[in-house]
Amino acid sequence: MNYVFNITTPKNTPETNKLITILPVIPGTVTKLEIQFPAGAQGLHHVHINRAVHQVWPANAEANYIGDEQIIVIPANYKIAVPPYQFECFTWNEDDTYDHLVILRFDIMTEIPEEKITPEMLEAWAAEREVL
């Protein structure tokens, strides 16, 4: 399954007050992550992705992704086996003039064939996220 998340971070959002966006997904294995910075970000829009209290991408906790008119492609093998089935995306924007967009794409391989995933299964996974 493929997930896409568009996150706009307002201008003047400092690192000390990062925007946190919850990225709900399904159980499975993340096989690829793409981080797209549209033109104009000029390295002022920062992104890192966590799961619970641990930073997952980039792996080194003191780092973050920046870019301008580029797509960062990250091959992955990250298993999501226990709830909550979600990531947290932290963004901040040093630009004092413009809001900036980042587009995240996750490819997730499930143990259940996609054609067998029912709306009830999706609802149950979402409910598990809300309980925690």
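The values are calculated or read from the model by the stated rules, or taken from the named source; none is laboratory data. Treat the numbers as computed from the prediction; the structure is a model and nothing was measured. We place every Cβ from the backbone using ideal geometry, glycine too, and count neighbours over all the protein chains shown.
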- Message: Of everything in the stretch 95-122, what is crowded, with 18+ Cβ neighbours inside 10 Å and under 19 Å from residue 65 (Cα atoms)? Give them in sequence order.
- Response: 95, 100, 102, 104, 106
- Query: Does the stretch 9-44 hold any residues that are modelled with pLDDT of 95 or more, closer than 23 Å to residue 85 by Cα and hydrophobic (A, V, I, L, M, F, W, C), and which are they?
  - Reply: 19, 20, 22, 23, 30, 33, 35
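Answer yes or no: is there a residue in the stretch 80-89 that is surrounded by fewer than 17 Cβ atoms within 10 Å (Cβ to Cβ), over 17 Å from residue 9 (Cβ atoms), out of contact with any Cys (no Cβ under 7 Å at 6 or more places or on another chain) and among the aliphatic types (A, V, I, L, M).
Initial filter on the stretch 80-89 (surrounded by fewer than 17 Cβ atoms within 10 Å (Cβ to Cβ)): 81-83.
Subsequent filtering for residues that are over 17 Å from residue 9 (Cβ atoms) retains 81-83.
Those left that are additionally out of contact with any Cys (no Cβ under 7 Å at 6 or more places or on another chain): 81-83.
Keeping just the survivors that are among the aliphatic types (A, V, I, L, M) gives 81-82.
Checking the stretch 80-89: at least one residue is surrounded by fewer than 17 Cβ atoms within 10 Å (Cβ to Cβ), over 17 Å from residue 9 (Cβ atoms), out of contact with any Cys (no Cβ under 7 Å at 6 or more places or on another chain) and among the aliphatic types (A, V, I, L, M).
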- Task: Consider residue 50 carefully, then state whether it is assigned to a strand (DSSP E or B), surrounded by 15 or more Cβ atoms within 10 Å (Cβ to Cβ) and out of contact with any Leu (no Cβ under 6 Å at 6 or more places or on another chain).
- Result: yes
- Task: Go through the residues of the stretch 27-34 one by one and say whether even a single one is β-branched (Val, Ile, Thr), closer than 23 Å to residue 114 by Cα, touching a residue at least 40 places away in the same chain (Cβ under 8 Å) and in a loop (DSSP other than H, G, I, E, B).
- Result: no
- Task: Identify the single condition in (1) closer than 27 Å to residue 39 by Cβ; (2) aliphatic (A, V, I, L, M); (3) touching a residue at least 24 places away in the same chain (Cβ under 8 Å) that residue 63 does not satisfy, given that it satisfies every other one.
- Result: (3)
- Is it fair to say residue 88 is in contact (Cβ under 8 Å) with a residue 24 or more places away in the chain, over 20 Å from residue 127 (Cα atoms) and outside any loop (DSSP other than H, G, I, E, B)? no
